[in-house]
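Note sheet for the following structure.
The values are calculated or read from the model by the stated rules, or taken from the named source; none is laboratory data. Because the structure is a prediction, the values reported are computed rather than measured. Positions of Cβ are generated from backbone atoms using ideal geometry, with glycine treated the same way; all protein chains shown enter the neighbour counts.
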Amino acid sequence: MKNPRILAACVAAAALIASFALAYALVKPAPPRFESTDISGVDWGRDFHLTGDDGRPRELADYRGKVVAVYFGYTSCPDECPTTLASLARAIDELGTDGRKVQGLFITVDPRRDTQKVLAKYVRSFSDRFVGLYGDVAATRRTCDDFKVLAEVGPARHDGAYAVDHTDLVYVFDAKGRLRLSIHGSAAADSIAHDLRLLLAETA
């Protein structure tokens, strides 16, 4: 007959091993390590209702199934806008064929000057995959407010030109239409590509 103390020790060890195995099975995978700001779960920036540079009404649901990167700016912007859009375009190119699963959207905060044709020409100069979106002044304001985007028109110069101070962030939705990331406009292309890959991997 086996020693009761040894038997009890074996039973205890087996129970401990079983508890470790169960705990391991229940552990959830670590969340993705994004290089940008993870804003998953916020209750704002849920949708937009604007017009595309093809003249068709557009909303977030039109791009369901893709990772969507949204940037607010204006075509006369001298610095942040072209820099950010160029970085975003390079990041999508770095994804190779997976870049087709990412949709870049440019929402103008200057609808008085950024007409449909102006927008179409501007966004295509960065990527033929980008789409420009616009609305009237009221729709633009509603969209900016919903995304917590600052957009203030500055004083006009003697030639009538003016600047628009605006938030320099790219908002990224996952393929299910959930707002997930806030990427600063100065982010490097490889950093943006890194985070886009993580979101695409979730879908895969």
(Q) Please go through the range 117-145 and give me each residue that is of a type in the set (D, E) and within 17 Å of T167 (Cα to Cα), ordered by number. (A) D145
Q | Test set (1) in a helix (DSSP H, G or I); (2) of a type in the set (A, V, I, L, M, F, W, C); (3) surrounded by 17 or more Cβ atoms within 10 Å (Cβ to Cβ) - A187 fails condition number | A | (1)
Q.
Quick check on the range 108-115. Is at least one of its residues modelled with pLDDT of 95 or more and under 20 Å from H184 (Cα atoms)?
A. yes
Q. Do we find a residue being in a helix (DSSP H, G or I) and touching a Ser or Thr at 6+ places or on another chain (Cβ under 9 Å) anywhere in the range 157-168?
A. no
Q. Exactly one of (1) part of a strand (DSSP E or B); (2) within 20 Å of R58 (Cα to Cα) is unmet by L181. Its number?
A. (2)
Q | Odd one out for D114 among (1) surrounded by fewer than 23 Cβ atoms within 10 Å (Cβ to Cβ); (2) acidic (D, E); (3) not in a helix (DSSP H, G or I) | A | (1)
Q: Select from the range 117-137 the residues that are in a helix (DSSP H, G or I) and surrounded by 14 or more Cβ atoms within 10 Å (Cβ to Cβ) and list them in ascending order.
A: V118, L119, A120, Y122, V123, R124
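State all residues of the range 50-108 that are assigned to a helix (DSSP H, G or I) and on the phi > 0 side of the Ramachandran plot; if no residue qualifies, say none.
G96
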Q) Which pairs have Cβ atoms under 6 Å, sit 6 or more apart or on different chains, and link a residue in the range 54-69 that is without any contact (Cβ under 8 Å) to a residue 60 or more places away in the chain and under 19 Å from A204 (Cα atoms) to one that is of a type in the set (S, T, Y) and part of a loop (DSSP other than H, G, I, E, B)? A) none
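Table: residues versus (1) surrounded by 10 or more Cβ atoms within 10 Å (Cβ to Cβ); (2) out of contact with any Lys or Arg (no Cβ under 8 Å at 6 or more places or on another chain); (3) modelled with pLDDT of 95 or more; (4) closer than 21 Å to R141 by Cα.
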residue	(1), (2), (3), (4)
L16	yes, yes, no, no
A25	no, yes, no, no
R33	no, yes, no, no
G52	yes, no, yes, yes
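Taking the conditions exactly as written (touching a Lys or Arg at 6+ places or on another chain (Cβ under 8 Å) and surrounded by 16 or more Cβ atoms within 10 Å (Cβ to Cβ)), does L200 satisfy them or not?
Numbers: touching a Lys or Arg at 6+ places or on another chain (Cβ under 8 Å): yes; surrounded by 16 or more Cβ atoms within 10 Å (Cβ to Cβ): yes.
Spelling it out, L200 is indeed touching a Lys or Arg at 6+ places or on another chain (Cβ under 8 Å) and surrounded by 16 or more Cβ atoms within 10 Å (Cβ to Cβ).
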